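Asks: The structure follows.
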């Protein structure tokens with residue numbers, strides 16, 4: 001039986017319930033953080049917590065738990081389910097909107113999405129039909145309602161035999177992948193779409209940018225066109241669960257030589273080195 | 001105590017719970033229909049049910065209740081709460097995604113949003129900063145995740161002293177209002193944005209289009225620019241709860257003479273006449 005954290009307690013997953021009138025149910029009004037535990041430890045949990053607090057005002061929410069309470073919840077869920085490696089999801093719902101509080105859940109899933117061979121082969125992506133709406137305040141926070149377009153685009157990409165989809169913004173520029181940020185390498189330059197392009201302010205994105213110089217890369221947040229991506233020397237995707245994932249093909253065509261590149265490996269190694277501090 | 005319909009039973013609202021792992025909570029994966037009961041009767045309930053069934057495949061859902069079951073649920077909720085006039089909301093959630101079923105709720109709220117004087121004065125709208133993403137499949141169905149952008153835009157408009165906000169699509173054309181479709185009148189022509197413009201296929205929108213000729217109006221679904229709206233003879237908004245609502249000002253400037261127009265009144269009367277059949 002799986003256990004999860006719900007409003008300060010551990011409950012069995014089939015008994016975990018929230019109000020049917022919660023605005024999370026009614027219109028996706030809930031904040032989300034996803035991160036991985038490895039060897040019982042979550043990298044950059046404080047940065048996830050800080051993003052949650054920064055995002056809350058956009059939905060008119062307060063964050064009802066401290067960072068210390070979140071750390072305790074992570075430890076309790078891992079311990080109760082006897083796992084050390086897991087994909088964790090924190091969900092903070094808006095509540096029914098009549099003054100009644102929302103709910104906080106922390107759930108874990110097996111960390112099986114990204115096997116080692118995926119990192120060796122890299123991901124093969126297509127371009128999503130749906131655009132990412134960079135004019136929406138939801139594009140700059142991680143919230144339930146803001147996730148569905150990307151998840152449907154990823155389902156469509158997988159059904160068509162791809163691993164992922166690149167989402168362009170309303171102006172046709174690269175915004176991000178469906179659940180990950182996008183980086184491209186040109187020479188020693190490391191480029192990633194600006195937040196104004198519709199990129200979610202990813203915690204791993206920020207860490208890669210901060211650590212790039214240590215890997216001999218010159219990082220820039222800028223506008224990235226689809227042609228920039230197609231003609232890049234290397235490309236990779238980041239999120240807090242998969243870390244740095246090579247992106248080796250776009251709509252069947254190789255990016256660079258279609259193999260995992262040296263700069264991608266250095267960025268990945270830099271991230272792993274940092275997280276051990 | 002308020003009662004609501006949940007999965008075939010009537011339950012008290014503070015005891016109505018759904019799984020905390022429902023994908024409605026996680027990423028707004030839920031279908032929604034809203035409609036009004038007046039004198040115990042819902043207009044065009046079958047059209048709402050048909051739209052629900054048409055929308056379900058977009059989210060990979062099945063509709064677990066028949067039209068007759070929906071009619072019974074409406075009657076039961078109204079009866080149990082001793083009301084004949086109410087705003088009703090049907091919510092069909094996706095469930096946890098492991099084969100476990102989703103939930104169906106039908107809730108009622110007082111029908112107080114639109115007092116008679118609002119219909120006499122008409123609504124004063126602004127233009128929302130957020131664009132409606134007509135490239136998203138969610139723009140063509142009524143789903144929880146697709147509602148949040150509009151609700152936030154409406155909150156912002158109200159905080160700025162307006163009643164509503166007009167949402168443009170990513171190409172800068174009029175898509176709809178935040179929770180209503182938009183119609184404009186030019187001479188005897190009645191124009192409304194195409195679904196491809198990002199207009200939700202509103203049940204009342206369809207009814208107004210179908211009944212327009214009886215009101216001496218020539219209806220067309222077309223691309224509508226902001227300038228078309230600003231220079232219209234009359235404009236009005238429609239949804240299933242408010243019916244036909246005059247739109248008399250945009251960003252402070254009068255539309256037409258700023259009063260409720262004759263074509264708007266004819267469209268409203270046509271709708272009322274039809275619903276009594």
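Read the figures in this text as sums done on the coordinates, not as results from a lab. Fair warning: this is a prediction, and the values are worked out from it, not measured in the lab. We place every Cβ from the backbone using ideal geometry, glycine too, and count neighbours over all the protein chains shown.
Asks: Rounding to the nearest 10 and keeping the result within 0 to 90°, find how far the Cα-based axis of helix A:262-275 lies from the longest principal axis of chain A.
Replies: 30
Asks: Shifting gears a bit: Find the centroid of the Cα atoms in segment B:105-159 and in segment A:28-53, then give the distance between the two in whole Å.
Replies: 31
Asks: Next up: Using Cβ counts within 10 Å as a stand-in for footprinting exposure, how do A:142, B:186 rank, fewest first?
Replies: With the sparsest Cβ surroundings first, the list reads B:186, A:142.
Asks: Mind pulling the angle between the C-alpha long axis of helix B:67-80 and the longest principal axis of chain B? Nearest 10 degrees, somewhere in 0 to 90.
Replies: 90
Asks: Between A:98, A:39, A:85, where does the largest GNM mean-square fluctuation fall for chain A, given springs only between Cα atoms within less than 10 Å?
Replies: Of A:98, A:39, A:85, the Gaussian network model singles out A:98 as fluctuating most.
Asks: Just need log10 I(q)/I(0) for the protein assembly as shown at q = 0.05, 0.11, 0.13 Å⁻¹, Debye formula, equal scatterers on the alpha-carbon atoms, no solvent, rounded to two decimals.
Replies: Values returned for q = 0.05, 0.11, 0.13 Å⁻¹ are -0.22, -1.01, -1.31.
Asks: Report, for segment B:137-277, the % of DSSP beta bridges that are antiparallel, rounded to 5.
Replies: 75
Asks: So what's the angle, to the nearest 10 degrees on a 0 to 90 scale, between helix A:144-159 and the longest Cα principal axis of chain A?
Replies: Approximately 50 degrees, to the nearest 10.
Asks: Right, here's the next one. Report the antiparallel proportion of the DSSP beta bridges in segment A:166-245 as a percent, rounded to a multiple of 5.
Replies: Antiparallel bridges make up about 75 percent of those DSSP assigns within segment A:166-245.
Asks: Separate question: Tell me what chain B gives for mean residue ellipticity at 222 nm when only DSSP H runs of n ≥ 4 count, each as -39,500 (n - 2.57), the sum divided by the residue total, rounded to 500 deg cm²/dmol.
Replies: After summing the helix terms and dividing by the residues of chain B, the value is -8500 deg cm²/dmol.
Asks: Follow-up. Quick check on segment B:232-277: what are the equivalent-ellipsoid semi-axes from the Cα gyration tensor, as sqrt(5λ), descending, whole Å?
Replies: In descending order, the three semi-axes are 22, 11, 5 Å.
Asks: Moving on. Kindly give the semi-axes, whole Å and largest first, of the ellipsoid equivalent to segment B:135-228, taking each as the square root of 5 times a Cα gyration tensor eigenvalue.
Replies: That gives 23, 15, 13 Å for the three semi-axes.
Asks: Here's another thing I want to ask about it. Which whole-number percent of Cα pairs in segment A:182-277 have a distance greater than 24 Å?
Replies: 12
Asks: I've got another one for you. Just for chain A, what percent of DSSP beta bridges are antiparallel, to the closest 5?
Replies: 75
Asks: Still on this structure: Treating the point 7 Å from Cα along Cα-beta-carbon as the label, what are the nm separations from residue A:265 to the other copies, to one decimal?
Replies: Spelled out, the distances from residue A:265's label point are 7.9 nm.
Asks: Would you kindly calculate the translational diffusion coefficient of segment A:1-109, applying Stokes-Einstein with the Kirkwood radius from alpha carbon pairs, for 20 °C and a viscosity of 1.002 mPa s, and quote it in µm² s⁻¹ without decimals?
Replies: Calculated translational D: 152 µm²/s.
Asks: Distance between Cα centroids, segment B:87-102 to segment A:168-210: provide it in whole Å.
Replies: 34
Asks: Between segment B:219-277 and segment A:216-272, how far is it from one alpha carbon centroid to the other, in angstrom?
Replies: First find each Cα centre; the distance between them is then 51 Å.
Asks: Moving on. Once you've got the GNM for chain A with C-alpha springs shorter than 10 Å, pick whichever of A:13, A:43, A:197 has the biggest mean-square fluctuation.
Replies: A:13
Asks: Under the definition of partner shielding as Cβ atoms of other protein chains within 10 Å of a residue Cβ, what is the mean value for peptide B:126-138?
Replies: 5
Asks: Within 10 Å of each residue's Cβ, count the other Cβ atoms and sort B:55, B:82, A:9 from fewest upward.
Replies: With the fewest neighbours first, B:55, B:82, A:9 line up as B:82, A:9, B:55.
Asks: Let me ask another. Between B:244, B:127, B:58, find the one with the highest GNM mean-square fluctuation for chain B; connect C-alpha pairs within less than 10 Å.
Replies: Residue with maximal mean-square fluctuation among B:244, B:127, B:58: B:58.
Asks: Using Cβ counts within 10 Å as a stand-in for footprinting exposure, how do A:158, A:89 rank, fewest first?
Replies: Going from least to most buried by this count: A:158, A:89.
Asks: Under the definition of partner shielding as Cβ atoms of other protein chains within 10 Å of a residue Cβ, what is the mean value for peptide A:6-18?
Replies: What the average comes to for A:6-18 is 3.
Asks: Give the share of C-alpha pairs in each 5 angstrom bin for chain A, from 0 to the last occupied bin, in whole percents, shortest bins first.
Replies: The calculated distribution, bin by bin, is 1, 6, 12, 16, 18, 17, 14, 9, 5, 2, 0, 0.
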